[in-house]
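The values are calculated or read from the model by the stated rules, or taken from the named source; none is laboratory data. Being a predicted model, the structure only gives us computed values, none of them experimental. Methodologically, a virtual Cβ is constructed for each residue, glycine included, from the backbone with ideal geometry; neighbour enumeration extends over all protein chains shown.
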Amino acid sequence: MLAAPANLRADLTDETGEIKSDWDVVHGTHEYELERNDNDPAVAGDWHTLAMTTQSKYTDKGLASGSKHWCRVRARGTAGDSPWSDPAQAMAR
């Protein structure tokens, strides 16, 4: 089984309406699934798939300036899906 991605970081960028996320690489991963939550990270129904990526980073664009968002990521591979990472929160510039 794949380990949950560790050290998820979310932060604003120099561009308005963007949040960049990055995390540690999980060996054996084919892709990462990134989810965003615009409300309460404890509410399972508020999480929505944001992106599937092969890289251990992602930039979320088109967000309202000053808005706060939570993100989480999991690894996907032939061994199945990892548990979700701990969520991280950031505010868009």
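Observations on the model:
- GLY45 being of a type outside the set (Asp, Glu), at positive phi and modelled with pLDDT of 95 or more: no
- Hits in the stretch 55-70 - residues which are under 15 Å from the mean Cα position of the chain (by Cα) and among the hydroxyl-bearing types (Ser, Thr, Tyr): SER56, TYR58, THR59
- Within the set GLU15, GLU33, the sole residue that is modelled with pLDDT of 95 or more and touching an Asp or Glu at 6+ places or on another chain (Cβ under 8 Å) turns out to be GLU33.
- Matching residues, the stretch 75-93, being of a type in the set (A, V, I, L, M, F, W, C), over 23 Å from GLU15 (Cβ atoms) and outside any strand (DSSP E or B): ALA79, TRP84
- Within the stretch 53-74, tally of residues that are among the hydrophobic types (A, V, I, L, M, F, W, C) and in a loop (DSSP other than H, G, I, E, B): 2
Conditions tested, residue by residue: (1) more than 16 Å from VAL25 (Cβ to Cβ); (2) out of contact with any Cys (no Cβ under 9 Å at 6 or more places or on another chain).
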site	(1), (2)
THR53	no, yes
ASP60	yes, no
ALA64	yes, yes
LYS68	yes, yes
CYS71	yes, yes
ARG74	no, yes
GLY77	no, yes
TRP84	yes, yes
PRO87	yes, no
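- Note on the stretch 58-67: residues that are surrounded by fewer than 14 Cβ atoms within 10 Å (Cβ to Cβ) and either at pLDDT below 95 or out of contact with any Gly (no Cβ under 8 Å at 6 or more places or on another chain) (or both) total 3.
- Of all residues making up the stretch 1-18, the number that are closer than 13 Å to ALA90 by Cβ and either free of Cβ contacts under 8 Å to residues at least 60 places away in the same chain or in contact with a Leu (Cβ under 6 Å, 6 or more places away or on another chain) (or both): 1
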